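No lab work stands behind these numbers, since they all come straight from the coordinates. In this text, all values refer to a predicted model and were calculated from it rather than measured experimentally. We place every Cβ from the backbone using ideal geometry, glycine too, and count neighbours over all the protein chains shown.
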Amino acid sequence: MIRRMIRRKKNSLAIKILKGIGYTGLVFLAASSPFFGLNMIRGIKQHNDRKAWRKFYESLRYLDRRGYVKILDRNDGGIRVKITHKGETIIKELDVDLMELKKQDSWDGKWRLIIFDVPTTKNRNRLAFSGKLKELGFIMVQKSVWAYPYECYEELITLRKFYDIEKYATYLEVSHVEDELDWRGRFNLKNPQ
């Protein structure tokens, strides 16, 4: 269900609002100045008409009905909005779903490896993690050893945490590999500079 929502609406106003609230935590929207809320939330450009505010408010109510945010009160002419656990889960999944690795113009001669030994009780996590590594462009060099030639430390930390396998996976950077010619060929890499 979550994946379906993400695929259909990953560029929607509701997702932008959800991410904005998720990044800021608790948001106070002043009803007397509805554009204050628009300016506070990241990823949303300032709008100058009532139609944009109405669309914003409808998206906010949609998120509340689905349980992704909680509208806490409407006192004093304002609205306080807080993200829920369900909303945080959507944001994390959206971040992982849209993750891409950067490719540099030149290779620095280092290999980034992720090695893991995930217990069978977390088999689904391991399979999902491996699938994401393949999707991101890693090559499998052994059953639980994957390689990538460019910087990807932050992304791997995020993935380990998301798939709940942090204590079973290790990140390595190595400069000498026995099968380097084969690996370089699989990534179409020239000699390091």
Full-extension gain in nm, Lys82 to Ser144, via 0.36 nm per residue minus C-alpha separation: 18.4 nm
Whichever lysines have a C-alpha closer than 28 Å to that of Lys55, once near sequence neighbours (fewer than 8 apart) are set aside: Lys9, Lys10, Lys16, Lys19, Lys45, Lys70, Lys82, Lys86, Lys92
Roughly how many nanometres apart are two label points built 7 Å out from the Cα toward the Cβ at Glu151 and Asp97? 2.9 nm
Could you tell me the calculated FRET efficiency between Thr120 and Glu180, based on Cβ-Cβ distance and R0 = 35 angstrom, to the nearest 0.05? 0.60
When Lys19, Lys110 are ranked with the fewest other C-beta atoms within 10 Å first, the list becomes Lys110, Lys19
For Trp111, Trp53, which order do you get if you count the other beta carbons within 10 Å of each Cβ and list the fewest first? Trp53, Trp111
What are the ³J(HN,Hα) values, in whole Hz, obtained from phi via the Karplus relation 6.51 cos²θ - 1.76 cosθ + 1.60 with θ = phi - 60°, for each residue of segment 98-108 in sequence order, with x given for Gly and Pro? 9, 4, 9, 9, 7, 10, 7, 5, 10, 8, 8
How would you rank Asp105, Asp64, going from fewest to most other Cβ atoms within 10 Å of each one's own Cβ? Asp105, Asp64
Which lysines have a Cα lying under 28 Å from the Cα of Lys110, excluding residues fewer than 8 positions away in the same chain? Lys102, Lys132, Lys134, Lys143, Lys161, Lys167, Lys190
The ³J(HN,Hα) series, computed from each phi in segment 119-127 with the Karplus coefficients 6.51, -1.76 and 1.60 at θ = phi - 60°, rounded to the nearest Hz and given as x for glycine or proline, is x, 4, 5, 10, 4, 4, 5, 4, 5
Using a Debye calculation, one point per C-alpha and no hydration shell, please list log10 I(q)/I(0) for segment 100-187 at q = 0.13, 0.23, 0.26 Å⁻¹ in order. -0.40, -1.19, -1.47
